[in-house]
1. Inside the stretch 425-444, can you point out the residues that are more than 14 Å from GLN458 (Cα to Cα) and under 23 Å from the mean Cα position of the chain (by Cα)?
2. Give the stretch 611-669 a look and list any residue that's over 22 Å from SER566 (Cα atoms) and of a type in the set (S, T, N, Q), or say none.
3. Could you list, in sequence order, all residues of the stretch 213-238 that are in contact with a helix residue (DSSP H, G or I) (Cβ under 7 Å, 6 or more places away or on another chain) and part of a loop (DSSP other than H, G, I, E, B)?
4. Take the residues in the stretch 255-301 that are exposed (fewer than 13 other Cβ atoms within 10 Å of the Cβ) and closer than 30 Å to TRP232 by Cα; name whichever of them is modelled with the lowest pLDDT.
5. Yes or no: the stretch 574-586 includes at least one residue that is among the hydroxyl-bearing types (Ser, Thr, Tyr) and farther than 20 Å from SER665 by Cα.
6. Taking the stretch 410-462, which residues are among the aliphatic types (A, V, I, L, M), within 24 Å of PRO389 (Cβ to Cβ) and either surrounded by 13 or more Cβ atoms within 10 Å (Cβ to Cβ) or in contact (Cβ under 8 Å) with a residue 24 or more places away in the chain (or both)?
Amino acid sequence: MRKIAVFGVVFVAVALAVCLVSCSSPSAVIYFSVNGEIVHSQVVTETSGLDDFTPSLTNGTFLGWFTDEACTIPFSFHNYILAGTFEDITVYALVSHDNTGSNPPEIWDDSCEHDLQHLAAKSSTCSERGNLECWYCSLCEQYFTDETCETYISPFLDRLGHETTFVPAKAATCTEDGTHEHWHCSRCGLDFEDEDCTVELTNAVFSNSGHVLVYHPEEPSTCTSSGHLEYWTCSVCKDSFSSRDAFEAVPLESLQKELLPHSYSVSEISQTPSATKSGNALLVCSCGETALLTLPALSAADYAIFSVPSTCTEHGSDTYTLLGAYSVQIVQEKALSPHSRGEVTDYRAPSCTESGSTGFVLCSQCGTVLSPSKPIPANGHDWAKTIVPSTCTSQGYVLSVCSACGETKRKLLPLADHSFTLIPEVASTCVQAGVDRHYSCSSCSGLFSLDKNPCTEQDLALPLSSHSLDSTGTCTVCGYRELPHALFEPNSSGGVTFMGFEDGYTYPYEELVIPSSYNDLPVTEISETAFSECVKNVTSLVLPDSLSSLPEGVLSVFLDHKKITSLTLPFVGTSKDKGCALIKLFDKDGRNNASLPESLTSVTVTACTSLCDNAFASAIYLTDIRLNEGCTEIGLKAFSSCVALENLYLPSSLQTIADDAFSRSFSQATAPTIHFAGSESQWQSIAENCDIPEASLSYKE
């Protein structure tokens, strides 16, 4: 192991970098030394953070930074930021003699019990460094190529850097969005205000202005000028549209109407014909075109005469209609009668989106339009906005409601960022799983891994630690007692069977606790001969809840020794579903619980759902019996003739008690106390027919 020289540009512009840091924040300079030469420096403040720096080597492998030249005290970027002291320091590189880092440096402690965390490979981005796949030890703060921790590695990759293209500013039009001048990165897709990509631009594109429409009503054609259909023009881009929605521009020529033919009428009779003399009349078209017509003398033979009285819209007249190829009327008008103005008809108020109408007025006598209808432009929406801000778990929105018509628009807002808090690791014990170091969001209480990805409590759970045993083989944390010389064999149920102890070994302790598992397999059975002379010292026996069955007579040895005082077992019977009197576990042929060991005074049942008939009947030496929560039923004569019973503990889960469950148990002078974990009303509903003195009952407070 030796240090290898590196070649690189020495960063001597530290003073200039310090000047660039805001004067309002404390700052410091970290100098990076490789083989006695400063190859890099970095300015840090409270807000700038600190990036890991890995030197480029011409030979060898970089193995980490240290705070002393001898490279004995590792330097942690993370701890330096957390300390927040911001003092100028120099850190020194340790470099291996080859490219793999397979030989650990002599200064490192090979006895480190590595606490490894797998780091998946991650590609570099424009602004973030990636890394190779590796394993990181949080104790010695080193990186390894695999879980054997034989090969050291520096996994960090260089940032890719932005690849930018200059985008010039462009003004918005009626139909196209505009852009601000900016630089666009083709790699990450972000926009920036400057070419160095120091300031991100989030609003490089701004919306188009939309058309500003001017309405042109329909005009009829004449014989000299073409009329047109109604249309709209944009005052900004000057395009024409055939509808208000301005969906597609159309040429004005497509809206033109055809010319009408000349329509002549008598404009003036310059010489009125008489009965004997001819006259003439000037014919004029509405466009101004004229013609001269010779009128014959008025006679019944040349004219048809029609007399029309006057109205409010038309002059009455005596009309002489010239007969012939070209009919001309010579009219002698009469005075008009006055119009009679009627009510306004078809008035329509404008709305937010539709135009209205002023309505029209007719003459009540002749129906002539005295006042034509004119359009009233739409009012447009009067928007009132309500903003509901986003959280880190739900999107906020902007709700716009028109105060006039009630129309609504809803625009979703992006999710807010999580408020991360670093939660330190909680070490495991033999009974309680620890919690790995992680982040928690103070807003939504979510859990996140160190790379800030969502995770669950199961993801963060650390494995249980080993038991801490004292000189007696008892765990000082959880009370677990190791069973030396115990024998276990696999069984057909997928678990193991407790076979007892090795020949010649005598269990030395008064309490014997059979474990619930062995080599990560559940202890589901106990051999019929598991307990022999080896347990002659035992006064208290605890059987695990993992058991699925118990052989009859399995406890027969305790009838001989008569030392056992306390028994804890998961159920009374040969299985959870097959109950029997307690004596059957001590004596296959036993019929009366009175033959139980006189020394046995306390029994605790930990995992039964139904206590069978006669379970403790005639157990005349028992003083204390305790049933587990989860037990729902007590069978016939279950506690009959328990004459020495002082305390009976019943769970709140109890639902049914047989009427004679306590027969002959309250006849003695001192009655037992029943401690019921439920309420008094609950007890009354399940034991109303049991003959139990009220003074013997104790309820949950």
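1. Of everything in the stretch 425-444, those that are more than 14 Å from GLN458 (Cα to Cα) and under 23 Å from the mean Cα position of the chain (by Cα) turn out to be TYR439, SER440, CYS441, SER442, SER443, CYS444.
2. THR632, SER652, SER653, GLN655, THR656, SER663, SER667, GLN668
3. Result: LEU229, single match.
4. The qualifying residue modelled with the lowest pLDDT is PRO261.
5. Yes: one or more hits.
6. LEU413, LEU415, ALA416, LEU447 - these are the residues of the stretch 410-462 that are among the aliphatic types (A, V, I, L, M), within 24 Å of PRO389 (Cβ to Cβ) and either surrounded by 13 or more Cβ atoms within 10 Å (Cβ to Cβ) or in contact (Cβ under 8 Å) with a residue 24 or more places away in the chain (or both).
Every residue, every condition in (1) assigned to a loop (DSSP other than H, G, I, E, B); (2) over 19 Å from CYS126 (Cα atoms), yes or no:
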| site | (1), (2) |
| --- | --- |
| PHE166 | no, no |
| CYS174 | yes, yes |
| ASP196 | yes, no |
| HIS211 | yes, yes |
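Yes/no matrix, rows are residues, columns are (1) surrounded by fewer than 18 Cβ atoms within 10 Å (Cβ to Cβ); (2) in contact (Cβ under 8 Å) with a residue 60 or more places away in the chain; (3) more than 18 Å from TRP65 (Cα to Cα):
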residue: ASN131; (1), (2), (3): no, no, no
residue: TYR143; (1), (2), (3): no, no, no
residue: HIS162; (1), (2), (3): no, no, yes
residue: VAL167; (1), (2), (3): yes, no, yes
residue: THR173; (1), (2), (3): yes, yes, yes
residue: HIS184; (1), (2), (3): no, no, yes
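The values are calculated or read from the model by the stated rules, or taken from the named source; none is laboratory data. Source: prediction; values computed, not measured. Reconstructed Cβ throughout: ideal geometry from the backbone, glycine too, with neighbour counts over all protein chains shown.
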